[in-house]
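Let me begin by handing over the structure; questions about it come next.
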Amino acid sequence: MREFILYSRKGRTSGDFETLIDAGRLDTVYQCILTSMFMSHRIRRDTRFHAILNGPPEPPGHLTVDGPTLYDVRVDERTWEDILRKVLSGGEHAGVSFEKRAYQSVVSDLSGASVFVLEERGTPIEDADFSDHNVFIVGDHVGLPRAEEKYALRTGKKLSIGKARYLSASTIDIINHYLDKRGV
């Protein structure tokens, strides 16, 4: 199993928004969902995506997209805007859920997984040891707060995909590409 956790500092915790950009940069969440969950013409059934939303009106919130149960989706932005609006408003969609839950609670449930916090100064991805259950934590366009990084590093390790800073969605895409090449 692969899991990705995106820490979104401003992502709205309700479906009351005009566009994904207006919703505290839920467009970044959408882009990360795409790169974590989809390949050409198929869903990654071995993957789960989490977004910790810390925007108004009632933070924090935990959005989950579950590969094994995700159905009735396309990859276009409009489809995901509708799905996110529905789920953040209390509705349901197969494989997508939302609950009031904080980052540290989600991370604490990952016992047994290999946890990696993406950071430019971490262990190069080429030198890292991966398991059957890997969790990768990335920040949004602002980055992961220090306290949350320290919390994850109690059991996890810093991992680097290079010295440059990449977009969150690009980071996830690079990790998936690398793990696919290694057969992990």
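Of everything in region 120-153, what is among the charged types (D, E, K, R), within 20 Å of CYS32 (Cα to Cα) and in a helix (DSSP H, G or I)? Give them in sequence order.
Selection gives GLU148, GLU149.
What number of residues within region 5-41 satisfy the criterion of being touching a Leu at 6+ places or on another chain (Cβ under 8 Å), not polar (S, T, N, Q) and not in a loop (DSSP other than H, G, I, E, B)?
Looking only at that region, the number is 7.
When you check VAL87 against the structure, is it more than 26 Å from LEU179 (Cα to Cα), touching a strand residue (DSSP E or B) at 6+ places or on another chain (Cβ under 9 Å) and not polar (S, T, N, Q), yes or no?
yes
Shifting gears a bit: Among the numbered conditions (1) farther than 21 Å from SER170 by Cβ; (2) assigned to a strand (DSSP E or B); (3) aliphatic (A, V, I, L, M), tell me where ILE83 comes up short.
ILE83 satisfies all of (1) farther than 21 Å from SER170 by Cβ; (2) assigned to a strand (DSSP E or B); (3) aliphatic (A, V, I, L, M) except (2).
I would also like to ask the following. Kindly provide the set of residues from region 84-122 that are touching an Asp or Glu at 6+ places or on another chain (Cβ under 9 Å) and farther than 16 Å from ILE52 by Cβ, ordered by number.
ARG85, LYS86, SER89, HIS93, ALA94, GLY95, ALA113, SER114, GLU119
Kindly evaluate PRO68 against the criterion of being surrounded by fewer than 18 Cβ atoms within 10 Å (Cβ to Cβ), in a helix (DSSP H, G or I), modelled with pLDDT of 95 or more and at negative phi.
When the stated conditions are applied, PRO68 passes them.
In region 61-88, what residues are within 13 Å of LEU6 (Cα to Cα) and either among the polar types (S, T, N, Q) or over 15 Å from the mean Cα position of the chain (by Cα) (or both)?
THR64
Taking GLU3 as meeting all but one of (1) surrounded by fewer than 19 Cβ atoms within 10 Å (Cβ to Cβ); (2) acidic (Asp, Glu); (3) closer than 25 Å to GLY183 by Cα, write down the number of the exception.
(1)
Next question, about the same structure. Whether any residue in region 40-58 is among the β-branched types (Val, Ile, Thr) and closer than 26 Å to ALA164 by Cα is what I want to check.
yes
Could you list all residues from region 9-63 that are among the hydroxyl-bearing types (Ser, Thr, Tyr) and surrounded by fewer than 18 Cβ atoms within 10 Å (Cβ to Cβ)?
SER14, THR19, SER40
While we're looking at this one, here's another question. Considering each residue of region 49-86, count those that are in contact with a Ser or Thr (Cβ under 8 Å, 6 or more places away or on another chain) and closer than 13 Å to LEU20 by Cβ, and give that number.
Here the count works out to 5.
Which condition number does LEU159 fail, the rest of (1) within 15 Å of MET37 (Cα to Cα); (2) surrounded by 19 or more Cβ atoms within 10 Å (Cβ to Cβ); (3) of a type outside the set (Phe, Trp, Tyr) being met?
The failed condition is (1).
Which residues, taken from region 154-184, are assigned to a loop (DSSP other than H, G, I, E, B), charged (D, E, K, R) and in contact (Cβ under 8 Å) with a residue 40 or more places away in the chain?
Those that are assigned to a loop (DSSP other than H, G, I, E, B), charged (D, E, K, R) and in contact (Cβ under 8 Å) with a residue 40 or more places away in the chain: LYS163, ARG165.
Among the residues of region 42-64, is there at least one that is in a loop (DSSP other than H, G, I, E, B) and at positive phi?
No, because not a single residue in region 42-64 is in a loop (DSSP other than H, G, I, E, B) and at positive phi.
The values are calculated or read from the model by the stated rules, or taken from the named source; none is laboratory data. The structure displayed is predicted, hence computed values, not measured ones. Cβ sites come from the backbone with ideal geometry, for glycine too, and all protein chains shown count toward neighbours.
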